[in-house]
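Peer 1: The structure follows.
All of the numbers you see were taken from the coordinates with simple rules; none came from a lab. The model shown is predicted, which means the values in this text are computed figures rather than measured ones. Every residue, glycine as well, gets a Cβ built from its backbone with ideal geometry; the counts of neighbours run over all protein chains shown.
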Amino acid sequence: MDYRRDIPLAITFLVGIIAVLDYYTTLEAVTNTFTVIKNWGVVLQAFALGLGAVNLFRVHGKRVSERTREDWMFSGWLLLMLVLFVVVGLGTGQYDASTSYQWIYNSLYLPLGATMYSSLAFYMAYGSYKVLRARNFEAALLFITAVLVIIGNTPIFPATFPVFFNIREWIFGPIVSGAYRGIRIGVGIGAVVLGIKTLVGLETGYLGRR
Amino acid sequence: MAILTPNRLVPLAAFILAWVATYMAIQMGKQGKIKIRRIPGLDAIEEIVGRSVEMGRPVFDIIGMGVFTDIYATQTIAGLSILSYVSTLCARLGAKLYAPQASVDVLPVAAEIVSESYRMEGKLEELDVEEQLPYLSGTQFAWASGIIGMAARLRPAGNIMIGPFWAESMMFAETFDRIGAMQIGGTARMYQIPFFAALCDYVLIGEEMFAAGAYVSGDPQQIGSIAAQDWYKLAALALGILGALLATAGVTIIGDLLRM
């Protein structure tokens with residue numbers, strides 16, 4: 001018996017079956033058992049968060065102590081911020097509800113997140129430029145469709161010529177919705193089959209090469 | 001009191017049928033009766049690793065921000081299966097692998113998978129888990145900026161992104177494209193598929209990523225299980241066409257049945 005393979009497979013099967021039963025049946029014993037399992041999951045995730053913090057400290061602490069890399073100061077900054085957020089959050093006793101914590105969150109983290117999010121516009125522009133070069137018939141079709149959707153989304157055109165709005169609606173309706181539903185059905189079926197394979201221990205990729 | 005949850009009778013029957021179909025497909029696979037089409041995106045993984053070795057540059061394998069406890073867990077599992085395959089190839093061929101992590105519960109599993117691959121190839125001493133599988137952040141854009149920074153510094157020759165992705169998918173695809181990395185993208189998140197299609201060299205669309213683990217394993221039994229997906233999809237297609245025709249004629253029996 002390969003316990004490193006068989007024990008995780010047995011746990012996966014047991015927990016998976018309980019989850020399936022909880023979804024399809026109203027048995028109280030199953031619901032209560034699954035609630036306990038979900039609570040264990042929350043506790044395990046909390047421990048895993050500690051593991052993530054340890055990983056960050058080990059990796060970046062090493063870089064700061066060695067100072068051989070050009071970017072070691074970023075590692076120092078990361079550790080400083082990590083400690084700052086924890087100290088402020090725990091020190092006030094109000095965690096993320098404290099005014100100090102919210103101030104550093106809103107002043108430091110939020111603007112950085114917003115900057116990254118807004119930079120998506122430039123990434124999209126680059127992607128659009130790459131994909132919308134009409135090099136062959138299919139690409140030309142995509143280009144024409146994209147132009148029609150852009151025109152349909154720009155208020156001045158549908159306001160002047162309502163047909164552009166109707167074209168856009170037609171593209172989003174029969175064409176896009178139809179294709180998306182086809183993919184969605186495939187995704188759903190693929191996920192169910194992979195779930196079954198994981199339950200019965202046929203899919204073991206997540207355990208490594210065992 | 002009813003034992004079965006109301007309105008879930010048909011989903012339960014569908015689940016049992018899927019189970020039976022999967023079992024039958026596995027049995028047929030064992031007998032070598034099932035042949036599946038090639039998936040270019042998965043065939044290209046070896047090419048990416050080989051290219052990285054030739055260029056002396058690393059390979060990135062990004063499995064997304066999924067965890068084991070949300071609805072995207074199956075995508076995370078598919079991503080981990082590919083990570084297992086990619087890490088084996090990297091260990092065997094001598095390419096340096098980087099797989100930055102965003103989920104604290106997936107991190108130890110990913111680290112164990114990669115360590116196991118290197119151990120099986122007898123090259124465990126070449127792996128530095130903390131350096132090659134760093135935990136960057138659990139928040140989306142901090143994680144994204146971390147990976148963009150790593151990509152800019154390390155200039156990998158290949159990038160494999162299979163798993164659940166959100167808005168960061170565009171950032172990754174564009175950044176790796178700009179530095180000249182060959183890319184494979186695969187996600188079942190509908191809004192991200194077009195981004196991968198725009199910038200990746202190969203794309204796994206929809207259910208192809210769920211077949212990835214079985215496909216790369218080369219095991220006839222596992223390959224057989226992929227056929228179950230196709231049978232089920234054909235049944236869904238037939239049901240969809242029949243339902244549409246009946247609904248057009250004013251008969252809603254299929255819709256009513258599916259709501260049971």
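Peer 1: Please work out whether chain A counts as rounded, prolate or oblate from its C-alpha gyration tensor, where a ≥ b ≥ c are the square roots of the eigenvalues and a/c under 1.5 means rounded, while otherwise a/b larger than b/c means prolate and anything else oblate?
Peer 2: oblate
Peer 1: Next up: Show that you can apply the helix-only estimate: for chain A, add -39,500 (n - 2.57) for every DSSP H stretch of four or more residues, divide by all residues, and state [θ] at 222 nm to the nearest 500.
Peer 2: That calculation yields -25500 deg cm²/dmol at 222 nm.
Peer 1: Taking 23 Å as the cut-off for C-alpha to C-alpha distance, list the pairs among A:Lys38/B:Lys233; B:Lys35/B:Lys233; A:Lys197/B:Lys123; A:Lys62/B:Lys96; A:Lys197/B:Lys30 that go past it.
Peer 2: Violating the 23 Å limit, Cα to Cα: A:Lys38/B:Lys233; A:Lys197/B:Lys123.
Peer 1: Quick one: the Cα spread of the range B:81-228 along its three principal axes, in angstroms, biggest first?
Peer 2: Extents along the principal axes: 40, 38, 30 Å.
Peer 1: Can you give me the C-alpha center-to-center distance between the range B:118-149 and the range A:26-57, rounded to a whole angstrom?
Peer 2: Computed from Cα coordinates, the inter-centre distance equals 24 Å.
Peer 1: Can you give me the Rg/Rh ratio for the range A:1-65, using Cα atoms for both radii and the Kirkwood formula for Rh?
Peer 2: 1.22
Peer 1: A further question follows. For peptide A:62-72, how many partner chain Cβ atoms fall within 10 Å of a residue's Cβ, on average?
Peer 2: Other-chain Cβ atoms within 10 Å of each residue's Cβ, averaged: 1.
Peer 1: Counting only other chains, what is the mean number of Cβ atoms within 10 angstrom of the Cβ of each residue in peptide A:74-82?
Peer 2: Partner-chain Cβ atoms within 10 Å, mean over residues of A:74-82: 1.
Peer 1: Restricted to Cα positions, what overall size does the range A:121-199 have along the principal axes? Three whole-Å values, descending.
Peer 2: 57, 27, 27
Peer 1: Then there is this: Show that you can apply the helix-only estimate: for chain B, add -39,500 (n - 2.57) for every DSSP H stretch of four or more residues, divide by all residues, and state [θ] at 222 nm to the nearest 500.
Peer 2: Mean residue ellipticity, 222 nm, calculated: -19500 deg cm²/dmol.
Peer 1: Still on this model: Between A:Arg184 and A:Met124, what FRET efficiency comes out of the Förster formula 1/(1 + (r/R0)^6) with R0 = 22 Å and r the beta carbon distance, rounded to 0.05?
Peer 2: Taking R0 as 22 Å, the efficiency between A:Met124 and A:Arg184 is 0.45.
Peer 1: If you rank B:Glu168, B:Glu126 by fewest surrounding Cβ atoms within 10 Å, what's the result?
Peer 2: Ordered by Cβ neighbours within 10 Å, fewest first: B:Glu126, B:Glu168.
Peer 1: While we're looking at this one, here's another question. How far is it, in nm, from the label point at A:Val86 to the one at B:Tyr23 when both lie 7 Å from their Cα along the line to the Cβ?
Peer 2: If labels sit at A:Val86 and B:Tyr23, their model points lie 5.0 nm apart.
Peer 1: How shielded is B:11-18 by partner chains, expressed as the average number of their Cβ atoms within 10 Å of its Cβ atoms?
Peer 2: Mean number of neighbouring Cβ atoms from other chains: 3.
Peer 1: Give me A:Thr160, B:Thr175 ranked fewest to most by other Cβ atoms within 10 Å of their Cβ, as a rough exposure proxy.
Peer 2: A:Thr160, B:Thr175
Peer 1: Can I ask one more? With every atom except the alpha carbons ignored, what do you get for Rg and Dmax of the protein assembly as shown, in angstroms?
Peer 2: My reading of the Cα-based Rg and Dmax gives 24.1, 75 Å.
Peer 1: In percent, what relative contact order does chain A have, based on Cα pairs under 8 Å that are 6 or more apart in sequence?
Peer 2: Dividing the mean separation by the residue count of chain A yields 17 percent.
Peer 1: Nearest-5 percent of antiparallel DSSP beta bridges in chain B?
Peer 2: 0 percent
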